[in-house]
Amino acid sequence: MSILSNCEIKCSCGETFEAELWKAINVFDDPDLKEVLLSGRFNTVECPKCHKVFYHEHFFMYQDLQNELIAYVYPKEDEKNAKSLRKKMLSDFTALSKEIEELASIDFEPVIYFGVEDLINTIKNEDYIKDEIDILTFIAKRIELDLIKIKPAKARNLCILHTIPKSKKSSGDIKKDIVSGLEQLLKYNPNLAEYENFLARIKQNLSCLDEILLHKKEK
């Protein structure tokens with residue numbers, strides 16, 4: 001659920017006024033709010049005295065359950081209290097989960113951000129990655145690759161893509177099959193930078209796939 005509420009705001013010119021600001025946004029219920037956030041128009045206000053237009057920084061909650069992202073976004077200046085605010089976030093979220101049915105069944109933790117810019121960068125990066133995943137999904141049908149799905153929240157924590165190709169011709173070693181799948185993908189389309197970086201990463205340390213594979217989705 002998205003929540004809009006009236007807040008008191010003080011402009012740098014000294015004027016105090018009230019304006020409606022988003023305190024929670026759910027991009028499944030209100031997909032247009034994601035574009036508002038990314039465009040820089042989110043929670044912007046205009047001072048009635050000096051007519052300055054500015055972003056008013058205050059706490060809000062961002063929900064995208066489809067992509068397993070629940071973010072508690074605090075003002076940048078609150079970063080000095082990161083430890084206590086993270087503890088409060090987890091406590092508040094546990095209580096909230098008992099009240100809201102759709103949150104009760106999730107198996108991932110919320111994440112904390114200080115300043116809206118970091119959240120925007122995360123969303124933009126994941127939108128970019130999604131483009132490569134869409135290309136992989138298309139190519140996989142043409143060159144007969146299997147796809148391994150990783151839980152999005154875990155993929156985010158591990159800084160990897162949540163969909164990984166694997167060769168259909170099994171060698172009996174899933175790690176080698178993933179390397180082979182990535183090589184086949186990049187031979188077909190060498191312009192997938194995220195998958196190229198991922199292949200280089202696992203070639204340097206093949207054992208990193210152990211933790212990644214712990215979080216694959218069940219079919």
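General observations
- The one condition in (1) open to solvent by less than 40 Å² (accessible area, probe 1.4 Å); (2) in a loop (DSSP other than H, G, I, E, B) that Thr122 fails to fulfil: (2)
- Screening Val73 on (1) in contact (Cβ under 8 Å) with a residue 12 or more places away in the chain; (2) open to solvent by 20 Å² or more (accessible area, probe 1.4 Å) shows it passes everything except condition (2).
- In the range 56-70, the qualifying residues are those that are of a type in the set (A, V, I, L, M, F, W, C) and buried (at least 18 other Cβ atoms within 10 Å of the Cβ), and the one that is farthest from Lys130 (Cα to Cα) is Phe60.
- Among (1) outside any helix (DSSP H, G or I); (2) surrounded by fewer than 15 Cβ atoms within 10 Å (Cβ to Cβ), the one test that Ile112 misses: (2)
- Pairs where the first residue, in the range 78-100, is polar (S, T, N, Q) and the second is open to solvent by less than 50 Å² (accessible area, probe 1.4 Å), C-beta under 7 Å, 6+ apart: Ser97/Leu103
- Annotation: of all residues in the range 125-150 being open to solvent by 70 Å² or more (accessible area, probe 1.4 Å) and outside any helix (DSSP H, G or I), the one that is nearest to Ala193 (Cα to Cα) is Lys149.
- Every condition in (1) small (Gly, Ala, Ser); (2) modelled with pLDDT under 95; (3) touching a Cys at 6+ places or on another chain (Cβ under 7 Å) holds for Ser97 except the one numbered (3).
- Filter result for Lys169 (part of a helix (DSSP H, G or I), surrounded by fewer than 19 Cβ atoms within 10 Å (Cβ to Cβ) and over 26 Å from the mean Cα position of the chain (by Cα)): no
So that you can scan it fast, the table gives a plain yes or no per residue for (1) open to solvent by 30 Å² or more (accessible area, probe 1.4 Å); (2) more than 29 Å from Ile133 (Cβ to Cβ); (3) over 20 Å from the mean Cα position of the chain (by Cα):
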position: Lys34; (1), (2), (3): yes, no, no
position: Cys50; (1), (2), (3): yes, yes, yes
position: Phe54; (1), (2), (3): yes, yes, yes
position: Leu85; (1), (2), (3): no, yes, no
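- Within the range 175-191, considering residues that are in a helix (DSSP H, G or I) and open to solvent by 60 Å² or more (accessible area, probe 1.4 Å), the one farthest from Ile129 (Cα to Cα): Lys176
- Pair list, Cβ < 8 Å and 6+ apart or interchain, from the range 193-217 residues that are surrounded by 14 or more Cβ atoms within 10 Å (Cβ to Cβ) to residues that are part of a loop (DSSP other than H, G, I, E, B): Glu194/Leu161; Tyr195/Leu161; Glu196/Pro190; Phe198/Ile160; Phe198/Leu161; Ile212/Ile160; His215/Lys151; Lys216/Lys151
- Any chance Ser97 is exposed (fewer than 14 other Cβ atoms within 10 Å of the Cβ), outside any strand (DSSP E or B) and either among the polar types (S, T, N, Q) or in contact with a Pro (Cβ under 8 Å, 6 or more places away or on another chain) (or both): no
The values are calculated or read from the model by the stated rules, or taken from the named source; none is laboratory data. Please read all numbers here as calculations on a predicted model, not as lab measurements. With ideal geometry, Cβ positions are generated from the backbone for all residues, glycine too; neighbour counts draw on all protein chains shown. In case anyone asks, the SASA skips ligands and DNA or RNA and just uses the protein heavy atoms, side chains included. Shrake-Rupley method; radii C 1.70, N 1.55, O 1.52, S 1.80 Å.
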